[in-house]
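To start, the structure under review is shown below, and the notes come after it.
The values are calculated or read from the model by the stated rules, or taken from the named source; none is laboratory data. Keep in mind that what you see is a predicted model, and the values were worked out from it rather than measured. Heads up, the Cβs are rebuilt from the backbone with ideal geometry, glycines too, and the neighbour counts pull from every protein chain shown.
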């Protein structure tokens with residue numbers, strides 16, 4: 001599926017990749033795990049991750065190789081209760097470098113965990129506030145993410161703080177409007 005997605009990317013595109021599920025770092029590599037991921041303790045973790053998870057670095061390379069104008073990654077996957085073998089301090093994803101014209105956003109700080117459900121009972125706080133603000137006309141995505149981080153931090157009493165790394169050099173808005181208020 002990742003290969004098919006990447007094949008369709010053109011140079012002038014804004015490429016948007018969003019993942020919600022579980023994330024794990026293992027031996028300097030980040031993995032995305034489905035929400036029903038359940039580690040089989042009879043298997044070596046490295047083998048199990050390679051077979052059942054997808055490497056974030058693999059996804060990023062496939063997308064970067066297409067040289068889109070702007071690339072945005074949102075990883076809403078730093079969740080607790082992921083049954084894996086090994087160090088619990090390696091929950092969540094490790095920080096990653098943002099290549100040129102790339103924004104990488106995490107629902108929480110690297111290695112931390114996100115709260116799974118917010119007041120609406122469907123999403124975590126990160127997605128609840130992202131959905132609330134992303135469609136605001138003429139709001140740059142980096143400004144939106146600052147607002148989201150502030151609201152998530154406030155709502156969780158500082159327990160969860162979304163994290164981002166960016167090399168964007170231009171304003172990126174998902175909704176534009178020429179109407180002046």
### Query
Going by the conditions given, is residue 68 in a loop (DSSP other than H, G, I, E, B) and either modelled with pLDDT of 85 or more or farther than 24 Å from residue 123 by Cα (or both)?
yes
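This table checks each residue for (1) at pLDDT 85 or above; (2) over 15 Å from the mean Cα position of the chain (by Cα); (3) part of a strand (DSSP E or B).
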site: 74; (1), (2), (3): yes, no, yes
site: 93; (1), (2), (3): no, no, no
site: 122; (1), (2), (3): no, yes, no
site: 128; (1), (2), (3): yes, no, no
site: 131; (1), (2), (3): yes, no, no
site: 138; (1), (2), (3): yes, yes, no
site: 148; (1), (2), (3): yes, no, no
site: 153; (1), (2), (3): yes, yes, no
site: 169; (1), (2), (3): yes, yes, no
### Message
If I filter the range 31-54 down to residues being within 20 Å of residue 163 (Cβ to Cβ) and at pLDDT 85 or above, which single residue comes out as surrounded by the fewest Cβ atoms within 10 Å (Cβ to Cβ)?
### Response
32
